[in-house]
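Below is one structure, written out as structure tokens; the observations come after it.
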Amino acid sequence: MDIVKPLVVSEKLSILRSLYKRSVLTQQDQLYYYQNLEKGFEGERRFDQLIRKLPMDGLLLSDLNYETNHSNVQIDKILITQDTIDLFEIKNLEGDYYYEEERWLSSTKTEITNPLHQLRRGESLFKRIIPHIDTSFRFNAHLIFVNPEFHLYHSPHEPQIIYPTQLNRYLNTLQMRHSKINNKQRKLANRLRSLCIKAPLKNVPEYSYEKLKKGIICPVCDSFLHSLVGRKLECSHCEHKEDVTSAVMRNVEEFKLLFPNLKITTGVIHEWCNIDASRKTILRILSKHYNRVGNSNGTYYVHH
Ligand SMILES: [Zn+2]
């Protein structure tokens with residue numbers, strides 16, 4: 001299996017992770033939304049691990065966002081084999097669910113977004129893109145439930161759905177498929193990748209610089225890095241050590257992700273890092289790794 005477009009943490013999930021660690025997701029619905037995103041990502045990762053192991057000739061693409069007729073569509077995964085395109089919508093639901101009159105209900109009888117409708121919407125929008133690229137491929141779309149703890153009562157008899165207990169068998173049929181990859185398939189994969197747009201950033205809770213907890217987050221345990229020993233920052237919780245330059249740079253990147261419109265100045269970054277380092281240390285790091293714009297009071301930094 002050839003990974004043409006790998007699975008990466010989306011911008012939205014990166015922002016929410018940061019907001020969560022910096023204690024601003026306080027409302028229950030925001031927390032719930034964030035945890036669902038994490039869970040969704042975990043599900044995609046799980047499916048990735050299974051499918052990339054298959055000894056077969058295929059091209060795999062993850063997280064594809066398209067715009068067609070003013071509608072956005074996000075597709076979790078596309079597999080290209082010799083003469084087939086497979087579209088996958090991955091779900092990591094866990095626990096008991098109920099299917100009643102085309103409605104999907106959780107164990108507390110709360111209705112959830114119908115995943116089959118979601119799949120079909122993605123499928124139909126995607127089918128508008130394909131004719132412009134190549135019409136000689138067969139096309140399948142599947143809704144994959146990856147969590148072995150998922151159960152759907154009164155589940156519909158629907159060949160597009162792969163339940164956890166069917167997943168291994170389904171993957172087996174995939175790998176039995178006769179497939180040889182050459183330029184034709186690669187061209188299609190590259191075209192599908194090049195047509196992708198940046199995922200629209202919606203449903204991110206409002207936040208402000210003032211309300212975020214300042215500091216540098218430990219990459220190992222998510223506590224805040226505190227004590228500066230020589231040129232190393234040490235985590236007081238797990239004792240992980242990191243060079244102060246790389247830690248500050250990491251924090252500047254996080255700042256840029258959260259506040260793309262704010263200027264990077266020594267004063268702001270000094271406060272944002274909240275470590276026991278002088279402004280001079282911060283200044284040294286910024287001027288070494290970023291370009292200086294303006295002078296005296298108005299100085300700020302941009303990427304090289
Ligand atoms: Zn730590």
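The values are calculated or read from the model by the stated rules, or taken from the named source; none is laboratory data. As the structure is a prediction and not an experimental result, all values here were calculated from the model. Virtual Cβ from ideal backbone geometry, glycine too; neighbours counted across all protein chains shown. Note: areas computed on protein heavy atoms with side chains; ligands, DNA, RNA excluded. Shrake-Rupley method; radii C 1.70, N 1.55, O 1.52, S 1.80 Å.
Collect the residues in region 233-271 that are of a type in the set (D, E, K, R) and within 13 Å of the ligand (Cβ to nearest atom), keeping them in residue-number order.
E234, E239, K241, E242
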TODO: Considering only residues that are open to solvent by less than 60 Å² (accessible area, probe 1.4 Å) and farther than 19 Å from T281 by Cα, look in region 200-217 and name the one that is nearest to the ligand (Cβ to nearest atom).
DONE: L212
- [ ] Quick one: E101 ticks every box in (1) in contact (Cβ under 8 Å) with a residue 40 or more places away in the chain; (2) farther than 29 Å from L54 by Cβ except a single one, so which number is it?
- [x] (1)
Task: Unique residue being of a type in the set (S, T, N, Q) and within 16 Å of the ligand (Cβ to nearest atom) when the list is N274, N190 - done: N274
Open item on the list: Filter region 184-196 down to the residues that are open to solvent by 60 Å² or more (accessible area, probe 1.4 Å) and within 12 Å of L59 (Cα to Cα) and list them by number.
Closed with: K184, R186, K187, N190, R193
Open item on the list: Restricting to region 93-132, count the residues that are loosely packed, with under 14 Cβ neighbours inside 10 Å, closer than 17 Å to I78 by Cα and aliphatic (A, V, I, L, M).
Closed with: 0
Task: Residue among Q74, Q49 that is modelled with pLDDT of 95 or more, open to solvent by 50 Å² or more (accessible area, probe 1.4 Å), closer than 24 Å to P164 by Cβ and among the polar types (S, T, N, Q) - done: Q49
Open item on the list: Restricting to region 133-159, name every residue that is open to solvent by 30 Å² or more (accessible area, probe 1.4 Å), more than 23 Å from the chain's Cα centre (by Cα) and either touching a residue at least 12 places away in the same chain (Cβ under 8 Å) or not assigned by TED's automatic domain parsing to the domain that holds L50 (or both).
Closed with: I133, D134, S136, R138, F139, N140, H151, Y153, H154, S155, E158
Task: Close pairs (8 angstrom Cβ cut-off, 6 or more residues apart or separate chains): farther than 17 Å from T281 by Cα in region 218-240, of a type in the set (S, T, Y) and more than 6 Å from the ligand (Cβ to nearest atom) anywhere - done: S223/S236; S236/S227
TODO: Kindly check whether there is at least one residue in region 168-183 that is of a type in the set (S, T, Y), within 16 Å of the ligand (Cβ to nearest atom) and surrounded by 12 or more Cβ atoms within 10 Å (Cβ to Cβ).
DONE: no
Open item on the list: Among the residues of region 205-255, what is the count of those that are more than 28 Å from D29 (Cβ to Cβ) and basic (K, R)?
Closed with: 4
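Would you point out the residue of region 269-304, among those that are part of a helix (DSSP H, G or I), of a type in the set (A, V, I, L, M, F, W, C) and free of Cβ contacts under 8 Å to residues at least 24 places away in the same chain, that is most open to solvent (accessible area, probe 1.4 Å)? Quick ask: steps written out before the conclusion?
Kept after step one, since they are part of a helix (DSSP H, G or I), are these residues of region 269-304: 269-273, 279-289, 296-298.
Imposing the further condition that a residue be of a type in the set (A, V, I, L, M, F, W, C) reduces the set to 269, 272-273, 282-283, 285-286.
Filter once more, keeping what is free of Cβ contacts under 8 Å to residues at least 24 places away in the same chain: 269, 283.
Numbers: I269: 0, L283: 69 Å².
Looking at the filtered set, the residue picked out is L283.
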TODO: Could you check how many residues of region 225-256 are among the aromatic types (F, W, Y) and surrounded by fewer than 19 Cβ atoms within 10 Å (Cβ to Cβ)?
DONE: 0
